[in-house]
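S.K.: I am attaching a structure below and will ask some questions about it afterwards.
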């Protein structure tokens, strides 16, 4: 069974940002994967220290209540994805790729990257 130490040793992403004077100043920290796991501090270092304490309390509460604790994704990505879609969408994507004179794979990659704000290079035409 996974215990508190198991979860505390996982590498959770921490997001940190400077608070405006209207927000009270200082620094805000959160662990997006753990909803509501937030903290702050006068310095970035203090905010990080405090978010780690908040993470401990967050995980302890989940374990006590028998709730699942989300785990961060590992870096094991193959770069391949199999996806099912309606035939009509497949047809439209294929037609658009053909119009651009690029492969369907290139077209879908380009559109996905644009959709999530990832840097894109114009697809290379066949």
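The values are calculated or read from the model by the stated rules, or taken from the named source; none is laboratory data. Since this is a predicted model, take the numbers as computed values, not measurements. So basically every Cβ, Gly included, is an ideal-geometry build from the backbone, and we count neighbours across all protein chains shown.
S.K.: State whether the residues of region 46-55 include one that is in contact (Cβ under 8 Å) with a residue 24 or more places away in the chain and either assigned to a loop (DSSP other than H, G, I, E, B) or more than 23 Å from the chain's Cα centre (by Cα) (or both).
M.R.: no
S.K.: Any chance region 80-98 includes a residue that's surrounded by 14 or more Cβ atoms within 10 Å (Cβ to Cβ), without any contact (Cβ under 8 Å) to a residue 24 or more places away in the chain and closer than 30 Å to residue 8 by Cβ?
M.R.: The answer is no, given that none of the residues of region 80-98 is surrounded by 14 or more Cβ atoms within 10 Å (Cβ to Cβ), without any contact (Cβ under 8 Å) to a residue 24 or more places away in the chain and closer than 30 Å to residue 8 by Cβ.
S.K.: Now a separate question. All but one of (1) under 30 Å from residue 3 (Cβ atoms); (2) surrounded by 10 or more Cβ atoms within 10 Å (Cβ to Cβ); (3) in contact with a helix residue (DSSP H, G or I) (Cβ under 8 Å, 6 or more places away or on another chain) hold for residue 68; which doesn't?
M.R.: In the conditions (1) under 30 Å from residue 3 (Cβ atoms); (2) surrounded by 10 or more Cβ atoms within 10 Å (Cβ to Cβ); (3) in contact with a helix residue (DSSP H, G or I) (Cβ under 8 Å, 6 or more places away or on another chain), residue 68 misses (2) alone.
S.K.: Check whether at least one residue in region 53-60 is more than 30 Å from residue 1 (Cα to Cα), surrounded by 14 or more Cβ atoms within 10 Å (Cβ to Cβ) and modelled with pLDDT of 95 or more, and report yes or no.
M.R.: Within region 53-60, the subset more than 30 Å from residue 1 (Cα to Cα) is none.
Checked against the condition, which is being more than 30 Å from residue 1 (Cα to Cα), surrounded by 14 or more Cβ atoms within 10 Å (Cβ to Cβ) and modelled with pLDDT of 95 or more, region 53-60 yields no hits at all.
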